[in-house]
Each structure stands twice: as C-alpha cells, then as structure tokens.
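In what follows, a structure is listed as structure tokens, so that the remarks can point back to it.
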Amino acid sequence: MKTHPILAFPLIYLGWAYLFWAPLLLSDASVWTFPTILWFLIGGASPLIAGLGLAAVVDGRAGLRDLWWRLVDWRRVPGRWWLVLLLFWLAFDLAMAGLAVLLGVVASPLAMHWSLWLDPEALLFLLLLSFVFPAVEEIGLRGYYLERLQARLGVTAAGLVNGVTWAAWHAPFVWFAGYYANTTFHPALSWWLPMIVCHTLLIVHVYSRTGRSILAVLVFHGMMNFTGEWLRISSAMYPFMLYGNLVLAVLLVLCWRYVGTEERCGMRGP
C-alpha cells in the first residue's frame, strides 16, 4: 500500500464494496429494508475506508489531519465560488430543460417538487441521499485518491482515471432493488457511466479552484443530487443532458490543455 497507493485505492475501494454488495445483487429485497440495508451501508463505506486507511498507512496522522481540515475549513473556498457551488446545477439543469423544449426533445422536462418543502420526512431523506452519502465518497475519492493521481498524472488523466473508478463503483446501483424507488432518477448504464466521468472532470476543476477543498466538492456533488431531484427532471431528459455534460467536460479539457498553463486555467487554487 505504501509503494503503490494509486493502485491500492481502487482495489480496496471497489473490492470492499463489491464484497458486501454481492448479497444485494442476489436478493429481491429492497435495499432500504433490514438486514439488506446493512450490507449496502457497509459496502458503501468503501471510499471512506480506502481513503482514511491509506492516508493513515502512507502519511500517518499528518495525512488524516490534512483530510480533516480540507473537509471542515470553509475559509479556503473563495467567496465567489460558494455561489458557483450552490447555483451551478440549478442554472445548468434549467438551461438544459429550456434547450430540450426548444429542440423538441421533450415537452415537459421538469415537474418541480414544491411540496417537498412541506414534507419533513421526504426532505430529510433527500438531504441524506444528496449530502451525507457524497460526504463519504468525496473524502476518499477526491480528498485522497484524486490528490494522489494529480501528483503523478496530468490533470486530465487524473480526472479520467478518477471518474472511471467512480463509475465502476456506481455501476451495481442499477440492480439494487428499490434503491431509486423514492426518487425520479432511474439511470441506464449507457448514459449514466459516461455522465459520471464528465461530472468528475467538473469536480476536478472545483477541487483545484477551491484550494483542494473536500468541503467544496461535497457541496457541489450534493447540490447536483438535490437540485435534480427537487426539479424532478424527466427520465427522458437524462440521455439528452449527457450531451451538455460532454460539452462542459470538453471545454474544460481544452482549457487545461490549450489555453495555457494550469495556473492560467485556475487549476492551482489559493
């Protein structure tokens, strides 16, 4: 693990998850019922286990302290970036919805869930899915693994490797019985996995522009989940939204590669 942490992370991250998720793939019971939920949560802790475990083994207490402070230190995030973190996905989703209507892709792209704010139980469940689970993911996947990848690879290659690893972790979700029962999101691997890779490149940019802040990417990730579910994006919209994500990802890669150095593209945050 000390010699090859870049290889050790995906082995632990994916191996631990798949080991405990195997019973879910063989069961027809809802993932939210007992005891199935235990297998799901134990397996779902793999990014945290891989990230904290490797940080402790490779860097000791200093590595763990670094992860902690990048998670809680909100001051490293420039003020203007808080607006981006909170409003980017709302603006993007609304823009894609308007474009879909204009191009005749879908007549009703959104069905805003206004009553959500009057249903504490549903709101709490959505906040849990939107922010708590991403916190577990971002500490290990970006806070530890992306950091290691960027130290060895170029920013684009690091983002792609990180994104493919993240997509591989999510792939079994489409077969978990009942996981998306209380949401409007019903993914297909054909468009969901490449979208995850595109999202990763956006997260890489946020991570680098906010001083390697785990808190920033957590909020960005959580708002992506929360905004999509609050807007109740039509299932017919998601394959179309992949194109928007691809355009953003390509523009970022072009910026990193052609506009200038990483500093000129803002890849070294304060």
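Details
- Within the stretch 127-146, tally of residues that are surrounded by fewer than 20 Cβ atoms within 10 Å (Cβ to Cβ) and either charged (D, E, K, R) or in contact (Cβ under 8 Å) with a residue 12 or more places away in the chain (or both): 7
- Hits in the stretch 1-19 - residues which are assigned to a helix (DSSP H, G or I), among the hydroxyl-bearing types (Ser, Thr, Tyr) and within 21 Å of GLU147 (Cβ to Cβ): TYR13
Yes/no matrix, rows are residues, columns are (1) small (Gly, Ala, Ser); (2) in a loop (DSSP other than H, G, I, E, B); (3) surrounded by 18 or more Cβ atoms within 10 Å (Cβ to Cβ):
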site	(1), (2), (3)
TRP21	no, no, yes
ALA50	yes, no, yes
ALA56	yes, no, no
ARG80	no, no, no
TRP89	no, no, yes
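- Restricting the stretch 207-237 to residues that are buried (at least 20 other Cβ atoms within 10 Å of the Cβ) and hydroxyl-bearing (Ser, Thr, Tyr), the residue that is farthest from THR156 (Cα to Cα): THR227
- Set VAL197, VAL247, VAL253: member being at negative phi and either buried (at least 20 other Cβ atoms within 10 Å of the Cβ) or under 15 Å from the mean Cα position of the chain (by Cα) (or both): VAL197
- Taking the criterion of being open to solvent by less than 30 Å² (accessible area, probe 1.4 Å) and not acidic (Asp, Glu), the residues of the stretch 91-102 that qualify are PHE92, MET96, ALA97, ALA100.
- Tally of residues being out of contact with any Ser or Thr (no Cβ under 6 Å at 6 or more places or on another chain), of a type in the set (A, V, I, L, M) and open to solvent by less than 40 Å² (accessible area, probe 1.4 Å) across the stretch 1-19: 3
- Lone unmet requirement of (1) closer than 23 Å to VAL219 by Cβ; (2) without any contact (Cβ under 8 Å) to a residue 12 or more places away in the chain; (3) within 21 Å of the chain's Cα centre (by Cα) for LEU71: (2)
- The condition (being closer than 22 Å to HIS221 by Cβ and either touching a Phe, Trp or Tyr at 6+ places or on another chain (Cβ under 7 Å) or not hydrophobic (A, V, I, L, M, F, W, C) (or both)) is satisfied by just one residue among GLY79, GLY15: GLY79.
- Taking the criterion of being open to solvent by less than 70 Å² (accessible area, probe 1.4 Å), in a helix (DSSP H, G or I) and in contact with a helix residue (DSSP H, G or I) (Cβ under 7 Å, 6 or more places away or on another chain), the residues of the stretch 23-41 that qualify are PRO23, LEU24, THR36, PHE40.
- Out of ALA168, ALA107, sole residue that is among the hydrophobic types (A, V, I, L, M, F, W, C) and touching a Pro at 6+ places or on another chain (Cβ under 9 Å): ALA168
- When the residues of the stretch 155-177 are filtered to those that are without any contact (Cβ under 8 Å) to a residue 24 or more places away in the chain and open to solvent by 40 Å² or more (accessible area, probe 1.4 Å), the one that is farthest from TRP69 (Cα to Cα) is VAL174.
The values are calculated or read from the model by the stated rules, or taken from the named source; none is laboratory data. This is a predicted model, so every value here is computed, not measured. Using ideal geometry, Cβ is built from the backbone for each residue, glycine included, and neighbour counts are taken over all protein chains shown. SASA here: full protein model, heavy atoms, side chains in, ligands and nucleic acids out. Shrake-Rupley method; radii C 1.70, N 1.55, O 1.52, S 1.80 Å.
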